[in-house]
Amino acid sequence: MSAATVEFTENNFDQEVRQSSVPVLVDMWAAWCGPCRIIAPVVEELAGKYQGKAKIGKLNVDDHPSVAAQFRVMNIPTLLLFKGGQEVDRIVGVVPKEELVRRIEKIIA
């Protein structure tokens, strides 16, 4: 993970995501997931690009299944976008970097 990428857990999720003053992108992933490994470098690159404007991080669904269950995450990777503590967008599967940028720009506007 890059220095800009936050690691979300069951313990810090409310504070880091729900109470965040900036929009948040949560990458729900697992180590065994091939598509998760494909999108990971893009997520890390965007974490650096949007540092200060949005918080971007990852949550391992194997380590923190209760959070994945809370948001009814059935497939990974699932990228959840939060604004004001509420989920405002969801991307399931691997999408082009341009699509991720478009969706992030929409919530930080």
What are the aspartates and glutamates whose alpha-carbon lies under 12 Å from the alpha-carbon of K53, with same-chain residues fewer than 8 places away excluded?
E105
Hey, with R₀ at 22 Å, roughly what FRET efficiency would Q15 and K53 work out to, going by the Cβ-Cβ distance, to 0.05?
0.70
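In which sequence would L59, L100 go, from the one with the fewest C-beta neighbours within 10 Å to the one with the most?
Fewest-to-most ranking of L59, L100: L100, L59.
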Sorted from largest to smallest, which semi-axis lengths in Å does the alpha carbon gyration tensor of the chain give for its equivalent ellipsoid, taking the root of 5 times each eigenvalue?
18, 16, 13
If each K or R counts +1 and each D or E counts -1, the residues other than S66 whose Cβ falls under 14 Å of its Cβ total -3
Amide H of A4 versus every other amide H placed in the peptide plane: which residues, excluding those fewer than 5 positions away on the same chain, fall under 5 Å?
none
Skipping prolines and chain starts, which residues have an amide H placed within reach, meaning under 5 Å, of the one on N12, given they are 5 or more residues away or on another chain?
none
Neighbourhood charge, 11 Å Cβ-Cβ cut-off, centred on A40 and excluding it, Lys, Arg +1 and Asp, Glu -1:
-1
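A short reminder: the numbers here are calculations on the coordinates, not readings from a lab. Here the structure is a predicted model, which means the values were calculated and not measured. All Cβ positions, glycine included, derive from the backbone under ideal geometry; neighbour counts span all protein chains shown.
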